[in-house]
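The structure appears right after this line, and notes come after that.
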Amino acid sequence: MPSGAHKPSPRLCPPAFPRAVGVVGTGSYVPERVLANADLEALVETSDKWIFERTGIRERRIAKDDEFTSHLAAAAARRALESAGIAATEVDLIIVATVTPDTLVPATACRVQSLIGATNANAFDISAACTGFLYAMQVARQFIANRICGTALVIGADKLSSLVDWTDRNTCVLFGDGAGAVVLRPTEHGGGILASFMQSNGNLAEILQVPGGGSAIPITAANADQNLRTLRMNGRETFKHAVTAMVHACFTALDTAGLKPGDIACVIPHQANVRIIEAIADRLDVPLEKFFVNLSRVGNTSAASIGIALDEANRAARIRRGDRLLFVAFGGGLTYAATVLEW
Ligand code: ACO
């Protein structure tokens, strides 16, 4: 249990939903341009050795200037719809989890709706940093479970390269751009999402934030040279809280589902740092081989991370029908969540 966090309330972990909701399609997209650790050696004082040993990252993908978060999201969404065999016009709800919206208004989800032609959907964004995808899945699940809609497209998409301070070696080596998507529908025979746990700790907001560009510190001509619209992170503090919070989220979601770590066939964690993933594997007592890790190729893609990993795992046949999967994420806010799903 993270220090300063609240005790989980039963109200946060509803035991049963009116109808089961499952994933019927997955998709992902990463930009073409590869930024390798060696390329970063030319920007800041760092090395491939340092980055790989401390994070597990070898390279990440960076979007072009004219490739926005909505474009990444729409590409992932089209692939998810294709894999589900569902037309865009059948989608009732689009939720985009992002901290790098194209614009503050309108929501990136509305731009995605237009790009993919989902003319019958309602669309909105969720901001929960790297945990956004799991928050969005849980929100969409409730719409479907409660029969408010039938088909939801949940997309995690971030162009973190637009928030990175490329002179700060503490952060610029960590992040990449991309998008991951799932299509959710009611399941005919139960299964699907078995449990989900979400929590936040706003007392720790300062350890991972973008200070400027919002209503607190708007960017003006007077402060434009202060780099205030870039990501600031206390790496050590973030690391420490990430492990504690993610382990807590996993055990709570597993308890709610009536399962033990040993019942899980594949863990799909937020891809921030391989050492965080190893620490979670250790605390859950689940072998590292059961964790799907693509961090070395894509880096930390923020809200896109779990969606990209899930799509890769699905297409690589790492997961089979009936498998119990555990998703776990952690991000700025602080926010954290875990979801147990029967495939
Ligand atoms: N290359 C070389 N040296 C570096 C680099 C770099 N890229 N970055 C930092 N260093 C140096 C530091 O300056 C420090 O030097 P010093 O001892 O002379 O002061 C030294 O390396 C050690 O720094 P630490 O911060 O202690 O390194 P650590 O082992 O903690 O690794 C890291 C840093 C990788 C950032 C780690 O703390 C981490 O992964 N934290 C979690 C980050 C994370 O998960 N963020 C995403 C959250 S999700 C979201 O919402 C965006």
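Values computed for the structure shown
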| read-out | value |
| --- | --- |
| Single residue of the stretch 148-193 satisfying the filter (out of contact with any helix residue (DSSP H, G or I) (no Cβ under 9 Å at 6 or more places or on another chain) and among the charged types (D, E, K, R)) that is nearest to Glu67 (Cα to Cα) | Asp168 |
| Test set (1) open to solvent by less than 20 Å² (accessible area, probe 1.4 Å); (2) farther than 23 Å from Asp158 by Cα - His241 fails condition number | (2) |
| One residue from Cys172, Cys130, Cys149 being out of contact with any Pro (no Cβ under 6 Å at 6 or more places or on another chain) and closer than 16 Å to Pro101 by Cα | Cys130 |
| Qualifying position, being in the same structural domain as Val91 (by TED's automatic domain parsing) and in contact with a helix residue (DSSP H, G or I) (Cβ under 9 Å, 6 or more places away or on another chain), among Ala128, Ala140, Ala145 | Ala128 |
| Single residue of the stretch 169-189 satisfying the filter (out of contact with any strand residue (DSSP E or B) (no Cβ under 8 Å at 6 or more places or on another chain) and open to solvent by 20 Å² or more (accessible area, probe 1.4 Å)) that is nearest to the ligand (Cβ to nearest atom) | Arg169 |
| Where Ser114 falls short, out of the listed (1) under 22 Å from the mean Cα position of the chain (by Cα); (2) away from the ligand (no atom under 16 Å from the Cβ) | (1) |
| Condition check for Ala313: over 12 Å from the mean Cα position of the chain (by Cα) and within 16 Å of the ligand (Cβ to nearest atom) | no |
| The stretch 154-176: number of residues that are outside any loop (DSSP other than H, G, I, E, B) and more than 15 Å from Tyr29 (Cβ to Cβ) | 6 |
| Subset of the stretch 38-69 [polar (S, T, N, Q) and surrounded by 15 or more Cβ atoms within 10 Å (Cβ to Cβ)] | Thr46, Thr55, Thr69 |
| Residues within the stretch 275-328 that are among the hydroxyl-bearing types (Ser, Thr, Tyr) and without any contact (Cβ under 8 Å) to a residue 60 or more places away in the chain, tallied | 0 |
| Considering residues of the stretch 17-76 that are free of Cβ contacts under 8 Å to residues at least 60 places away in the same chain and part of a loop (DSSP other than H, G, I, E, B) only, the residue nearest to the ligand (Cβ to nearest atom) | Ser47 |
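The values are calculated or read from the model by the stated rules, or taken from the named source; none is laboratory data. No experiment lies behind these values; they were computed from the predicted model shown. Backbone-built Cβ (ideal geometry, glycine too); neighbour counts: all protein chains shown. Calculation scope for accessible area: heavy atoms of the full protein, side chains included, ligands and nucleic acids excluded. Shrake-Rupley method; radii C 1.70, N 1.55, O 1.52, S 1.80 Å.
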